[in-house]
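Heads up: the structure comes next, in C-alpha coordinates.
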Amino acid sequence: MAAATESKMVHSAVVTYSSMLSLLSLCPPFVILLWYTMVHADGSVAQTWNFLKQHGLQGFIEIWPRPTAMAWKIIFIYGAFEAALQLFLPGKRVEGPISPTGNRPVYKANGMAAYFVTLITYISLWWFGIFNPTVVYDHLGEIFSALIFGSLIFCIFLYIKGHVAPSSTDSGSSGNIIIDFYWGMELYPRIGKNFDIKVFTNCRFGLMSWAVLAVTFCIKQYELNGKVADSMLVNTILTLVYVTKFFWWEDGYWNTMDIAHDRAGFYICWGCLVWVPSVYTSPGMYLVNHPVNLGTQLALYILLAGILCIYINYDCDRQRQEFRRTNGKCRVWGKAPSKIEATYTTTSGETKTSLLLTSGWWWGLSRHFHYVPEILAAFFWTVPALFNHFLPYFYVVFLTILLFDRAKRDDDRCRSKYGKFWKLYCNKVPYKIIPGIY
(Lines give C-alpha, C1' and ligand atoms only; values in the text may rest on other atoms or scores of the structure.)
Protein backbone atom coordinates (compact mmCIF):
# COMPACT_ATOMS: atom_id res chain seq x y z
CA MET A 1 0.00 0.00 0.00
CA ALA A 2 1.41 3.38 -0.95
CA ALA A 3 2.20 5.78 1.83
CA ALA A 4 -0.26 8.32 0.49
CA THR A 5 -3.27 6.04 0.41
CA GLU A 6 -4.70 6.89 3.82
CA SER A 7 -4.30 10.64 3.42
CA LYS A 8 -6.02 10.52 0.02
CA MET A 9 -8.94 8.67 1.52
CA VAL A 10 -9.53 11.38 4.08
CA HIS A 11 -8.89 14.76 2.45
CA SER A 12 -8.92 16.28 -1.03
CA ALA A 13 -5.58 16.82 -2.78
CA VAL A 14 -5.73 20.60 -2.19
CA VAL A 15 -6.41 20.21 1.54
CA THR A 16 -3.77 17.49 1.85
CA TYR A 17 -0.97 19.47 0.18
CA SER A 18 -1.85 22.81 1.79
CA SER A 19 -2.04 21.29 5.28
CA MET A 20 1.24 19.42 4.84
CA LEU A 21 3.13 22.43 3.51
CA SER A 22 1.70 24.74 6.17
CA LEU A 23 2.60 22.36 8.99
CA LEU A 24 6.10 21.82 7.60
CA SER A 25 6.70 25.58 7.45
CA LEU A 26 4.69 26.92 10.41
CA CYS A 27 5.19 24.38 13.20
CA PRO A 28 8.91 25.07 13.80
CA PRO A 29 8.56 28.86 14.27
CA PHE A 30 5.39 28.35 16.32
CA VAL A 31 7.33 26.24 18.85
CA ILE A 32 9.80 29.10 19.36
CA LEU A 33 7.05 31.72 19.60
CA LEU A 34 5.18 29.58 22.14
CA TRP A 35 8.28 29.21 24.30
CA TYR A 36 9.14 32.91 24.01
CA THR A 37 5.62 34.01 24.92
CA MET A 38 5.37 31.67 27.91
CA VAL A 39 8.82 32.45 29.32
CA HIS A 40 9.64 36.01 28.22
CA ALA A 41 6.32 37.70 27.34
CA ASP A 42 4.28 36.94 30.46
CA GLY A 43 2.18 34.40 28.52
CA SER A 44 0.63 37.25 26.54
CA VAL A 45 0.03 36.73 22.83
CA ALA A 46 -0.63 40.47 22.50
CA GLN A 47 2.78 41.31 23.98
CA THR A 48 4.55 39.00 21.55
CA TRP A 49 2.49 40.33 18.65
CA ASN A 50 3.33 43.93 19.50
CA PHE A 51 7.03 43.06 19.71
CA LEU A 52 6.97 41.39 16.29
CA LYS A 53 4.91 44.22 14.79
CA GLN A 54 7.45 46.72 16.04
CA HIS A 55 10.62 44.80 15.13
CA GLY A 56 9.45 42.69 12.19
CA LEU A 57 11.41 39.72 10.85
CA GLN A 58 14.60 40.91 12.50
CA GLY A 59 12.85 40.80 15.87
CA PHE A 60 11.77 37.20 15.25
CA ILE A 61 15.32 36.24 14.28
CA GLU A 62 16.58 37.85 17.50
CA ILE A 63 14.21 35.92 19.76
CA TRP A 64 14.97 32.58 18.07
CA PRO A 65 17.66 31.09 20.34
CA ARG A 66 20.65 29.44 18.72
CA PRO A 67 21.30 25.80 19.61
CA THR A 68 24.17 25.70 22.11
CA ALA A 69 26.63 23.03 23.15
CA MET A 70 24.73 22.69 26.44
CA ALA A 71 21.45 22.12 24.60
CA TRP A 72 22.96 19.44 22.36
CA LYS A 73 24.62 17.82 25.38
CA ILE A 74 21.33 17.62 27.32
CA ILE A 75 19.49 16.17 24.30
CA PHE A 76 22.23 13.63 23.56
CA ILE A 77 22.53 12.39 27.13
CA TYR A 78 18.75 12.13 27.54
CA GLY A 79 18.27 10.40 24.17
CA ALA A 80 21.15 7.97 24.75
CA PHE A 81 19.86 7.15 28.24
CA GLU A 82 16.35 6.42 26.96
CA ALA A 83 17.67 4.38 24.03
CA ALA A 84 19.80 2.30 26.42
CA LEU A 85 16.80 1.68 28.69
CA GLN A 86 14.69 0.66 25.67
CA LEU A 87 17.34 -1.82 24.52
CA PHE A 88 18.61 -3.29 27.77
CA LEU A 89 15.88 -3.21 30.42
CA PRO A 90 14.08 -6.55 30.66
CA GLY A 91 10.49 -6.84 29.50
CA LYS A 92 7.97 -9.35 28.27
CA ARG A 93 7.71 -10.18 24.59
CA VAL A 94 4.65 -8.56 22.99
CA GLU A 95 3.36 -9.02 19.45
CA GLY A 96 1.76 -6.13 17.61
CA PRO A 97 -1.15 -6.41 15.17
CA ILE A 98 -0.64 -8.08 11.80
CA SER A 99 0.27 -5.44 9.22
CA PRO A 100 -1.38 -5.05 5.78
CA THR A 101 1.45 -7.07 4.22
CA GLY A 102 1.20 -9.85 6.82
CA ASN A 103 4.07 -8.87 9.13
CA ARG A 104 3.66 -8.97 12.90
CA PRO A 105 6.08 -6.69 14.77
CA VAL A 106 7.54 -7.93 18.06
CA TYR A 107 8.28 -5.56 20.96
CA LYS A 108 9.86 -5.71 24.40
CA ALA A 109 7.40 -4.21 26.88
CA ASN A 110 9.69 -2.42 29.33
CA GLY A 111 8.19 1.07 29.17
CA MET A 112 6.96 1.15 32.76
CA ALA A 113 10.39 0.15 34.04
CA ALA A 114 12.04 2.78 31.83
CA TYR A 115 9.60 5.40 33.10
CA PHE A 116 10.33 4.76 36.77
CA VAL A 117 14.09 4.48 36.20
CA THR A 118 14.01 7.80 34.33
CA LEU A 119 12.07 9.73 36.98
CA ILE A 120 13.95 8.20 39.92
CA THR A 121 17.29 8.94 38.27
CA TYR A 122 16.31 12.51 37.35
CA ILE A 123 14.94 13.40 40.79
CA SER A 124 17.90 11.69 42.51
CA LEU A 125 20.39 13.73 40.48
CA TRP A 126 18.66 16.87 41.78
CA TRP A 127 18.21 15.62 45.36
CA PHE A 128 21.88 14.71 45.75
CA GLY A 129 23.10 17.89 44.08
CA ILE A 130 24.62 16.16 41.03
CA PHE A 131 22.51 17.94 38.40
CA ASN A 132 20.00 20.76 38.80
CA PRO A 133 16.95 20.35 36.51
CA THR A 134 16.57 24.13 36.43
CA VAL A 135 19.44 24.04 33.92
CA VAL A 136 17.02 22.36 31.50
CA TYR A 137 14.46 25.13 32.01
CA ASP A 138 17.07 27.85 31.67
CA HIS A 139 18.22 26.39 28.33
CA LEU A 140 14.74 25.38 27.16
CA GLY A 141 14.64 27.71 24.16
CA GLU A 142 18.03 26.46 22.98
CA ILE A 143 16.89 22.86 23.50
CA PHE A 144 13.72 23.42 21.45
CA SER A 145 15.77 25.11 18.72
CA ALA A 146 18.20 22.19 18.62
CA LEU A 147 15.32 19.70 18.56
CA ILE A 148 13.68 21.53 15.65
CA PHE A 149 16.78 21.26 13.45
CA GLY A 150 18.00 17.91 14.76
CA SER A 151 14.60 16.26 14.31
CA LEU A 152 14.30 17.66 10.80
CA ILE A 153 17.61 15.97 9.93
CA PHE A 154 16.35 12.79 11.60
CA CYS A 155 13.21 12.84 9.41
CA ILE A 156 15.41 13.21 6.31
CA PHE A 157 17.32 10.14 7.53
CA LEU A 158 14.02 8.24 7.83
CA TYR A 159 13.06 9.28 4.30
CA ILE A 160 16.38 8.07 2.87
CA LYS A 161 16.28 4.87 4.93
CA GLY A 162 12.79 4.12 3.63
CA HIS A 163 14.13 4.30 0.08
CA VAL A 164 17.43 2.46 0.44
CA ALA A 165 17.14 0.18 3.51
CA PRO A 166 13.53 -0.45 4.65
CA SER A 167 13.20 -2.70 7.68
CA SER A 168 10.25 -4.69 6.33
CA THR A 169 7.87 -5.00 3.40
CA ASP A 170 5.57 -2.49 5.19
CA SER A 171 7.16 0.38 3.31
CA GLY A 172 6.81 2.14 -0.01
CA SER A 173 6.70 5.40 -1.87
CA SER A 174 3.70 7.35 -3.10
CA GLY A 175 5.84 8.81 -5.86
CA ASN A 176 5.60 12.27 -4.27
CA ILE A 177 8.54 13.51 -2.22
CA ILE A 178 6.41 15.84 -0.05
CA ILE A 179 3.91 13.12 0.88
CA ASP A 180 6.67 10.58 1.48
CA PHE A 181 8.58 12.97 3.76
CA TYR A 182 5.48 14.14 5.64
CA TRP A 183 3.62 10.84 6.10
CA GLY A 184 6.70 8.61 6.04
CA MET A 185 7.98 5.67 4.05
CA GLU A 186 8.06 2.86 6.62
CA LEU A 187 5.43 1.57 9.00
CA TYR A 188 7.87 -0.21 11.34
CA PRO A 189 11.39 1.23 10.85
CA ARG A 190 14.09 -0.29 13.00
CA ILE A 191 17.81 0.08 13.54
CA GLY A 192 19.13 -3.45 13.65
CA LYS A 193 16.69 -6.13 14.72
CA ASN A 194 15.55 -4.83 18.09
CA PHE A 195 15.60 -1.01 18.17
CA ASP A 196 12.17 0.17 17.07
CA ILE A 197 12.38 3.80 15.95
CA LYS A 198 8.71 4.69 16.48
CA VAL A 199 8.72 3.27 20.01
CA PHE A 200 11.72 5.49 20.71
CA THR A 201 10.37 8.69 19.13
CA ASN A 202 6.75 8.34 20.28
CA CYS A 203 7.14 6.75 23.70
CA ARG A 204 10.64 6.84 25.12
CA PHE A 205 11.69 10.30 23.89
CA GLY A 206 8.41 12.17 23.37
CA LEU A 207 6.05 10.98 26.12
CA MET A 208 8.91 10.47 28.55
CA SER A 209 10.04 14.07 28.03
CA TRP A 210 6.55 15.23 28.98
CA ALA A 211 6.97 13.72 32.45
CA VAL A 212 10.58 14.88 32.78
CA LEU A 213 9.65 18.47 31.90
CA ALA A 214 6.64 18.43 34.23
CA VAL A 215 9.02 17.61 37.09
CA THR A 216 11.48 20.23 35.79
CA PHE A 217 8.86 23.01 35.86
CA CYS A 218 7.81 22.03 39.37
CA ILE A 219 11.41 22.17 40.63
CA LYS A 220 12.05 25.47 38.84
CA GLN A 221 9.05 27.10 40.53
CA TYR A 222 10.21 25.74 43.89
CA GLU A 223 13.69 27.22 43.43
CA LEU A 224 12.24 30.56 42.28
CA ASN A 225 9.69 30.97 45.08
CA GLY A 226 10.77 28.60 47.84
CA LYS A 227 7.49 26.69 47.44
CA VAL A 228 5.30 25.03 44.81
CA ALA A 229 1.84 26.54 44.24
CA ASP A 230 -1.14 24.21 44.46
CA SER A 231 -1.91 25.03 40.80
CA MET A 232 1.50 23.66 39.76
CA LEU A 233 1.01 20.61 41.97
CA VAL A 234 -2.34 19.81 40.34
CA ASN A 235 -0.86 20.25 36.86
CA THR A 236 2.19 18.11 37.66
CA ILE A 237 0.27 15.33 39.43
CA LEU A 238 -2.31 15.02 36.65
CA THR A 239 0.41 15.03 34.00
CA LEU A 240 2.34 12.31 35.81
CA VAL A 241 -0.81 10.24 36.37
CA TYR A 242 -1.61 10.48 32.66
CA VAL A 243 1.93 9.56 31.55
CA THR A 244 2.02 6.73 34.11
CA LYS A 245 -1.23 5.45 32.63
CA PHE A 246 0.33 5.63 29.18
CA PHE A 247 3.37 3.52 30.08
CA TRP A 248 1.22 1.07 32.05
CA TRP A 249 -0.77 0.62 28.85
CA GLU A 250 2.15 1.06 26.39
CA ASP A 251 1.75 -2.34 24.74
CA GLY A 252 -1.85 -1.34 23.99
CA TYR A 253 -0.60 1.86 22.35
CA TRP A 254 1.32 -0.30 19.89
CA ASN A 255 -2.06 -1.38 18.48
CA THR A 256 -3.27 2.18 17.85
CA MET A 257 -3.30 4.30 14.70
CA ASP A 258 -0.03 6.05 15.65
CA ILE A 259 1.96 2.83 15.51
CA ALA A 260 -0.06 0.35 13.47
CA HIS A 261 -1.25 2.65 10.66
CA ASP A 262 0.69 5.96 10.56
CA ARG A 263 4.10 5.68 8.97
CA ALA A 264 7.31 7.13 10.39
CA GLY A 265 7.62 10.58 8.84
CA PHE A 266 7.53 14.24 9.80
CA TYR A 267 3.91 14.02 10.99
CA ILE A 268 4.56 11.42 13.68
CA CYS A 269 8.29 11.53 14.41
CA TRP A 270 8.97 15.27 14.30
CA GLY A 271 5.76 15.78 16.22
CA CYS A 272 6.82 13.43 19.01
CA LEU A 273 10.40 14.70 19.15
CA VAL A 274 9.55 18.43 19.12
CA TRP A 275 5.80 19.12 19.42
CA VAL A 276 5.24 16.92 22.48
CA PRO A 277 8.09 18.40 24.60
CA SER A 278 7.11 21.97 23.67
CA VAL A 279 3.33 22.13 23.18
CA TYR A 280 2.10 19.32 25.43
CA THR A 281 4.09 20.70 28.34
CA SER A 282 3.07 24.34 27.77
CA PRO A 283 0.52 24.67 30.62
CA GLY A 284 3.23 23.76 33.13
CA MET A 285 5.72 26.02 31.34
CA TYR A 286 3.28 28.90 31.83
CA LEU A 287 2.71 28.13 35.52
CA VAL A 288 6.44 28.38 36.38
CA ASN A 289 6.26 32.19 36.34
CA HIS A 290 2.53 32.48 37.03
CA PRO A 291 1.82 30.61 40.28
CA VAL A 292 -1.89 30.54 41.08
CA ASN A 293 -3.23 29.81 44.56
CA LEU A 294 -6.39 27.80 43.99
CA GLY A 295 -7.12 26.92 47.60
CA THR A 296 -7.31 23.37 48.89
CA GLN A 297 -10.95 22.75 48.00
CA LEU A 298 -10.80 23.90 44.38
CA ALA A 299 -7.43 22.22 43.84
CA LEU A 300 -8.85 18.90 45.09
CA TYR A 301 -11.97 19.21 42.91
CA ILE A 302 -9.84 19.80 39.80
CA LEU A 303 -7.43 17.02 40.74
CA LEU A 304 -10.19 14.46 41.34
CA ALA A 305 -12.03 15.43 38.16
CA GLY A 306 -8.82 15.06 36.17
CA ILE A 307 -7.99 11.67 37.71
CA LEU A 308 -11.53 10.46 36.96
CA CYS A 309 -11.17 11.46 33.29
CA ILE A 310 -7.79 9.73 33.03
CA TYR A 311 -9.29 6.60 34.61
CA ILE A 312 -12.22 6.55 32.17
CA ASN A 313 -9.79 7.02 29.27
CA TYR A 314 -7.76 4.09 30.59
CA ASP A 315 -10.83 1.93 31.12
CA CYS A 316 -11.97 2.57 27.54
CA ASP A 317 -8.67 1.18 26.26
CA ARG A 318 -8.73 -1.68 28.79
CA GLN A 319 -12.18 -2.79 27.62
CA ARG A 320 -11.08 -2.81 23.99
CA GLN A 321 -7.86 -4.71 24.77
CA GLU A 322 -9.70 -7.31 26.85
CA PHE A 323 -12.31 -7.74 24.12
CA ARG A 324 -9.61 -8.32 21.50
CA ARG A 325 -7.48 -10.55 23.75
CA THR A 326 -10.38 -12.89 24.55
CA ASN A 327 -11.84 -12.74 21.04
CA GLY A 328 -15.06 -11.32 22.49
CA LYS A 329 -15.33 -13.92 25.27
CA CYS A 330 -15.35 -11.44 28.15
CA ARG A 331 -17.77 -9.30 30.10
CA VAL A 332 -18.32 -5.59 29.49
CA TRP A 333 -20.03 -3.70 32.29
CA GLY A 334 -21.07 -7.03 33.85
CA LYS A 335 -22.59 -8.69 30.79
CA ALA A 336 -21.63 -10.32 27.52
CA PRO A 337 -20.49 -7.72 24.97
CA SER A 338 -22.54 -6.77 21.94
CA LYS A 339 -20.50 -7.19 18.76
CA ILE A 340 -20.50 -7.46 14.98
CA GLU A 341 -18.48 -10.14 13.19
CA ALA A 342 -16.90 -8.41 10.18
CA THR A 343 -14.88 -9.90 7.35
CA TYR A 344 -12.32 -8.02 5.26
CA THR A 345 -9.76 -8.73 2.55
CA THR A 346 -6.03 -8.01 3.01
CA THR A 347 -3.80 -6.49 0.35
CA SER A 348 -2.63 -10.04 -0.49
CA GLY A 349 -6.22 -11.15 -1.15
CA GLU A 350 -6.64 -13.17 2.04
CA THR A 351 -10.02 -13.01 3.82
CA LYS A 352 -9.92 -12.39 7.55
CA THR A 353 -12.42 -11.80 10.36
CA SER A 354 -12.56 -9.08 13.02
CA LEU A 355 -14.97 -8.43 15.86
CA LEU A 356 -16.39 -4.91 16.24
CA LEU A 357 -17.40 -4.06 19.81
CA THR A 358 -20.74 -2.23 20.10
CA SER A 359 -21.07 -1.96 23.88
CA GLY A 360 -19.15 -0.43 26.78
CA TRP A 361 -17.19 2.80 26.72
CA TRP A 362 -15.37 2.23 23.46
CA TRP A 363 -17.63 1.92 20.46
CA GLY A 364 -20.77 1.54 22.60
CA LEU A 365 -21.53 5.11 23.64
CA SER A 366 -19.86 6.47 20.50
CA ARG A 367 -17.27 5.22 18.00
CA HIS A 368 -14.46 7.22 19.60
CA PHE A 369 -15.79 8.03 23.06
CA HIS A 370 -12.34 7.60 24.62
CA TYR A 371 -11.37 10.97 23.12
CA VAL A 372 -13.90 12.76 25.35
CA PRO A 373 -12.20 12.00 28.71
CA GLU A 374 -8.79 12.58 27.11
CA ILE A 375 -9.74 16.12 26.06
CA LEU A 376 -11.37 16.78 29.44
CA ALA A 377 -8.26 15.52 31.27
CA ALA A 378 -6.16 17.99 29.26
CA PHE A 379 -8.56 20.76 30.27
CA PHE A 380 -8.28 19.84 33.95
CA TRP A 381 -4.48 19.92 34.03
CA THR A 382 -4.60 23.27 32.22
CA VAL A 383 -7.38 25.01 34.15
CA PRO A 384 -5.17 25.59 37.25
CA ALA A 385 -3.68 28.42 35.16
CA LEU A 386 -7.14 30.04 35.25
CA PHE A 387 -8.08 32.44 32.45
CA ASN A 388 -5.77 35.46 32.46
CA HIS A 389 -4.29 34.33 29.14
CA PHE A 390 -5.52 32.10 26.34
CA LEU A 391 -2.18 30.54 25.36
CA PRO A 392 -2.03 27.89 28.12
CA TYR A 393 -5.20 26.44 26.54
CA PHE A 394 -3.63 26.08 23.10
CA TYR A 395 -2.79 22.44 23.85
CA VAL A 396 -6.44 21.68 24.67
CA VAL A 397 -7.56 23.29 21.40
CA PHE A 398 -4.84 21.52 19.43
CA LEU A 399 -5.66 18.15 21.03
CA THR A 400 -9.36 18.56 20.20
CA ILE A 401 -8.58 19.28 16.54
CA LEU A 402 -6.05 16.42 16.41
CA LEU A 403 -8.44 13.86 17.88
CA PHE A 404 -11.42 14.93 15.77
CA ASP A 405 -9.24 14.62 12.66
CA ARG A 406 -7.93 11.25 13.87
CA ALA A 407 -11.50 10.05 14.38
CA LYS A 408 -12.31 10.99 10.78
CA ARG A 409 -9.21 9.25 9.44
CA ASP A 410 -9.94 6.15 11.50
CA ASP A 411 -13.57 6.08 10.37
CA ASP A 412 -12.57 6.41 6.72
CA ARG A 413 -9.97 3.66 7.09
CA CYS A 414 -12.49 1.33 8.74
CA ARG A 415 -15.13 2.16 6.10
CA SER A 416 -12.66 1.19 3.40
CA LYS A 417 -11.58 -1.95 5.28
CA TYR A 418 -14.93 -3.34 6.45
CA GLY A 419 -17.39 -1.98 3.86
CA LYS A 420 -20.97 -3.07 4.58
CA PHE A 421 -20.04 -4.23 8.08
CA TRP A 422 -18.85 -0.74 8.98
CA LYS A 423 -22.11 0.70 7.68
CA LEU A 424 -24.00 -1.76 9.91
CA TYR A 425 -21.80 -0.77 12.84
CA CYS A 426 -22.41 2.95 12.26
CA ASN A 427 -26.15 2.28 12.25
CA LYS A 428 -25.80 0.66 15.69
CA VAL A 429 -23.41 3.33 17.02
CA PRO A 430 -24.41 6.52 15.17
CA TYR A 431 -22.30 9.06 17.06
CA LYS A 432 -18.64 9.57 16.19
CA ILE A 433 -17.27 11.10 19.41
CA ILE A 434 -19.78 12.87 21.68
CA PRO A 435 -22.84 10.70 22.47
CA GLY A 436 -26.07 12.34 21.38
CA ILE A 437 -24.29 15.31 19.76
CA TYR A 438 -21.59 14.33 17.27
### Query
In the chain, what percent of the accessible surface is made up of carbon and sulfur (1.4 Å probe, ligands and nucleic acids excluded)?
65 percent
### Query
Considering only Cα-Cα distances, which of the following residue pairs are longer than 22 Å: LYS339/LYS420; LYS352/LYS423; LYS108/LYS335; LYS108/LYS198?
LYS108/LYS335
## Note on the structure
With +1 at each Lys and Arg Cβ and -1 at each Asp and Glu Cβ, the charge dipole magnitude of the chain around its Cα centre, to the nearest 20 debye, comes out at 1400 debye
### Angle in degrees between helix 230-248 and the longest Cα principal axis of the chain, rounded to the nearest 10
30 degrees
#### Entry: Heavy-atom accessible area per residue - the range 28-175, 1.4 Å, Å²
52 Å²
### Task
State the answer as a single residue: which of ASN313, LEU403, SER366 lies farthest towards the positive end of the charge dipole of the range 294-437, with beta carbon charges of +1 for Lys and Arg and -1 for Asp and Glu, about the Cα centre.
SER366
### Query
Rounded to the nearest whole Å², what accessible area per residue is found for the range 294-437 with the 1.4 Å probe?
50 Å²
### Task
With only Lys, Arg, Asp and Glu charged, each at its Cβ (+1 for the first two, -1 for the last two), find how big the charge dipole of the range 294-437 is about the Cα centre; round to the nearest 20 debye.
680 debye
### Task
Work out the length of the dipole vector of the range 371-431 about its Cα centre, built from +1 on the beta-carbon of each Lys and Arg and -1 on the beta-carbon of each Asp and Glu, and round it to the nearest 20 debye.
480 debye
### Message
Sequence gap at least 6, Cα distance under 8 Å: using those rules, report the relative contact order of the chain to the nearest whole percent.
### Response
18 percent
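The values are calculated or read from the model by the stated rules, or taken from the named source; none is laboratory data. Computed from a predicted model, the values in this text were never measured in an experiment. Note: ideal-geometry Cβ built from the backbone for every residue, glycine included; neighbour counts use all protein chains shown. Keep in mind that these areas ignore ligands, DNA and RNA; they rest on the heavy atoms of the full protein, side chains included. Shrake-Rupley method; radii C 1.70, N 1.55, O 1.52, S 1.80 Å.
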